[in-house]
Amino acid sequence: MLQRLDPQENEKCRVNVDALKRSDVATGLGCVIRNHQWRVLGAVAKRGQPCASVEQLEASAVLLGLEFARGFGCEAVLLEWDACGVINQLNGQTEFIGSMGPIFESTRVVPP
């Protein structure tokens with residue numbers, strides 16, 4: 001089955017991010033950027049902050065993905081990830097809480 005994309009969708013990069021926490025010291029962040037044809041443009045992975053909560057790591061992964069996409073010249077992105085709590089906070093459905101506030105504020109305006 002062929003999926004037809006809106007012409008505007010062709011201009012967007014798909015940014016998929018995720019985070020992992022195996023223990024307080026074994027944490028990681030990752031991002032894959034694809035074009036509208038689902039071809040991989042780039043990928044990045046790095047260690048996350050030790051002792052960070054899963055929500056902090058997920059928020060950091062979003063920031064990593066947006067910064068990485070900006071480096072590829074992506075002006076518009078489709079952000080894909082699986083952290084409902086983080087999604088609700090970024091969409092403004094809940095207030096920024098605790099130590100995640102600065103991370104979320106950084107995702108709102110990613111410097112060029």
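The values are calculated or read from the model by the stated rules, or taken from the named source; none is laboratory data. Worth saying up front: this structure is predicted, and the values here are computed from it rather than measured. All Cβ positions, glycine included, derive from the backbone under ideal geometry; neighbour counts span all protein chains shown.
Return the residue satisfying two criteria in turn: it lies in the range 25-36 and is modelled with pLDDT of 85 or more and assigned to a loop (DSSP other than H, G, I, E, B), and of such residues it is nearest to Cys51 (Cα to Cα).
Val25
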ask   = Looking at the range 37-62, which of the residues that are of a type outside the set (A, V, I, L, M) and in a strand (DSSP E or B) is nearest to Thr27 (Cα to Cα)?
value = Arg47
message = Filter the range 35-74 down to the residues that are crowded, with 18+ Cβ neighbours inside 10 Å and charged (D, E, K, R) and list them by number.
response = Glu55, Glu58
inquiry  = Yes or no: the range 83-96 includes at least one residue that is at pLDDT 80 or above and surrounded by fewer than 16 Cβ atoms within 10 Å (Cβ to Cβ).
reply    = no
ask   = Condition test on Leu66, is it within 19 Å of Asp82 (Cα to Cα), in contact (Cβ under 8 Å) with a residue 24 or more places away in the chain and of a type outside the set (Val, Ile, Thr)?
value = yes
